[in-house]
Structure formats: C-alpha cells, structure tokens
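Shown next, in structure tokens, is the structure this report addresses.
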Amino acid sequence: NKKLTNLAQEIDNVISKFGFEKEKRKFIPHITLLRIKDKDEKFYKDFYKLTQVEIPEINFYADKITFFKSTLLTTGSVYEPIKNFYIKKIGG
C-alpha cells in the first residue's frame, strides 16, 4: 500500500531528526501474531500446521498509530504505550 509506505517513510524522516537512525530495510507492513520463546519437537509439528492455514485478506479502518515501548522480561514481554498519533481521514 503506497499510502502506508509513505506514512512509514514520513515517520522515519521525523524521528531521524531526534537522533534515531533511519531504517535501512525495505518497509513491509505486518502484524506480529506470536512470539516464539521455547521450542521443542512438538512445537515444530504444531507450528508447521499453522503454515497450512489460509488467512483471508482483510480490510480494516485505523484511526491512530500507537508507539509502544517493549521490555523483555523473563516472564515475557511487557508493552507500554508511549504516544498515540491520530490519523486524519483524507477524501471521501
């Protein structure tokens, strides 16, 4: 999606002014569905089954982007919202 790619580039440009290094990798929009911590033989068998699932394309409306701070603890990740950016609807 060109608009989403442009938004990511715009965010990258803005945060680079605050000392953050610009992302060198190509932007690929995604949603993280799971994080893998411990792996055993059963895990791999079950995980392979997930690769066989067809997920239909979905359309959705987003009215904000939230930046999160992720802290990795021994008990798992803790996500803390840092800042919300509200998206203005353009056009009809």
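So the values come out like this:
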item	result
C-alpha long axis of helix 2-16 to longest principal axis of the chain, angle in °	80 degrees
Spin-label model distance (nm) - Lys83 vs Thr66, 7 Å beyond Cα toward Cβ	1.7 nm
Per residue accessible area of the chain, 1.4 Å probe, in Å²	103 Å²
Relative contact order, percent, the chain [alpha-carbon distance under 8 Å, six or more residues apart]	17 percent
Rg and Dmax [Cα atoms of the chain; Å; Rg one decimal, Dmax integer]	17.4, 52
Approximate spin-label separation Ile58-Glu10, in nm, with each point projected 7 Å along Cα-to-Cβ	2.5 nm
Cα gyration tensor category, rounded, prolate or oblate, for region 39-92 with a/c compared to 1.5	oblate
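The values are calculated or read from the model by the stated rules, or taken from the named source; none is laboratory data. Not measured: the values here are computed from a predicted model. Note: ideal-geometry Cβ built from the backbone for every residue, glycine included; neighbour counts use all protein chains shown. Quick note on the areas: whole protein, heavy atoms, side chains included, nothing else; ligands and nucleic acids left out. Shrake-Rupley method; radii C 1.70, N 1.55, O 1.52, S 1.80 Å.
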